[in-house]
């Protein structure tokens, strides 16, 4: 078996119940022994029972992924949105500090937020979601991130391609096909991206339904871990699903709500299939880069199999066709 499939002792293995309880006690919490691991792979997130109080959520950041100042910018953005009465789940302040340390981890504590998975099946819900994102972006336009990433083709696609090829993740009989289709995609995306010349702003960055909790008072974002600078449409396109006509109808309703709070550059609609392609290419490389984390082989056992790469190349071919289709309007 190739060495890349072997797992090793990982820093997250240190996150035992005793370690977590000690970290929480350092900031004044007395835990009651209840510990529930929540669905998270990039970081580790736990619901922790607190004596004589409501449970809280603790997020332990993956060592080496973000700098301290980068995480602090994430927290500052969430707090800025919360201060504007936008329903986001922001970290709790401890003597004016949100980013805490329990070596080798940075961690933060959040209030627990209830809610359900949003469906966005009705016009009202779609417009509500648009208003929510529009409010976030109106704040996001006020200033720039200094220590977070800016979305670009090089980082999300070209670097991902290089990593997979350099570390021999692509099955030998599929290498030529992968190299050929990704080369063509990069050329096409670069050309189209340059033609649009859109502006960037501070975004949530990973705006899919799994990062949204819906309550009777509307949607709440619960994770700004991937916040970055990018085009506004990045926080919109992942909410669309179904046929071309269905996605166009959903988009109209979302933007109807969105534009009640801030302007939208409609040229960005031409970026949707580029952004989808970036996410597709980045996802495959993300799994490969994280394979030494024991959580990944158990959660994604199909990754690395010939069937996965055959489907991945097929998906990339479909994206090349999508880049030439009419823009969603």
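The values are calculated or read from the model by the stated rules, or taken from the named source; none is laboratory data. Here the structure is a predicted model, which means the values were calculated and not measured. Note that each Cβ is placed from the backbone with ideal geometry, even for glycine, and that neighbours are counted across all protein chains shown.
Listing for the model above:
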quantity	calculated
Residue 84 vs. criteria modelled with pLDDT of 95 or more and touching a helix residue (DSSP H, G or I) at 6+ places or on another chain (Cβ under 6 Å)	yes
Residue count, segment 102-111 (criterion: within 18 Å of residue 212 (Cα to Cα) and surrounded by fewer than 13 Cβ atoms within 10 Å (Cβ to Cβ))	1
Qualifying residues in segment 40-51 (those that are in contact (Cβ under 8 Å) with a residue 60 or more places away in the chain and touching a strand residue (DSSP E or B) at 6+ places or on another chain (Cβ under 8 Å)) - the one surrounded by the most Cβ atoms within 10 Å (Cβ to Cβ)	43
Scope segment 139-156; condition closer than 23 Å to residue 210 by Cα and either out of contact with any strand residue (DSSP E or B) (no Cβ under 6 Å at 6 or more places or on another chain) or outside any helix (DSSP H, G or I) (or both); matching residues	139, 148, 149, 150, 151, 156
Failed condition for residue 264, given (1) at pLDDT below 95; (2) within 22 Å of the chain's Cα centre (by Cα)	(1)
Residue satisfying condition, being free of Cβ contacts under 8 Å to residues at least 24 places away in the same chain and not assigned by TED's automatic domain parsing to the domain that holds residue 293, within set 22, 37, 54	37
Selection from segment 119-136 of residues that are in a loop (DSSP other than H, G, I, E, B) and surrounded by fewer than 19 Cβ atoms within 10 Å (Cβ to Cβ)	119, 121, 122
Residue, surrounded by the most Cβ atoms within 10 Å (Cβ to Cβ), within segment 87-99, restricted to residues that are out of contact with any strand residue (DSSP E or B) (no Cβ under 9 Å at 6 or more places or on another chain) and either at positive phi or in a strand (DSSP E or B) (or both)	97
Qualifying residues in segment 198-213 (those that are surrounded by fewer than 19 Cβ atoms within 10 Å (Cβ to Cβ), in contact with a helix residue (DSSP H, G or I) (Cβ under 8 Å, 6 or more places away or on another chain) and touching a residue at least 60 places away in the same chain (Cβ under 8 Å)) - the one nearest to residue 42 (Cα to Cα)	209
Given (1) crowded, with 18+ Cβ neighbours inside 10 Å; (2) outside any loop (DSSP other than H, G, I, E, B), index of the condition residue 170 fails	(2)
Given (1) at pLDDT below 95; (2) under 19 Å from residue 16 (Cα atoms), number of the condition residue 113 does not satisfy	(2)
Failed item, numbered, when residue 71 is tested on (1) within 30 Å of residue 229 (Cβ to Cβ); (2) free of Cβ contacts under 8 Å to residues at least 12 places away in the same chain; (3) in a helix (DSSP H, G or I)	(2)
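Okay, residues lined up against (1) on the phi > 0 side of the Ramachandran plot; (2) in a strand (DSSP E or B):
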site	(1), (2)
49	no, yes
56	no, yes
62	no, no
79	no, no
85	yes, no
101	no, yes
108	no, yes
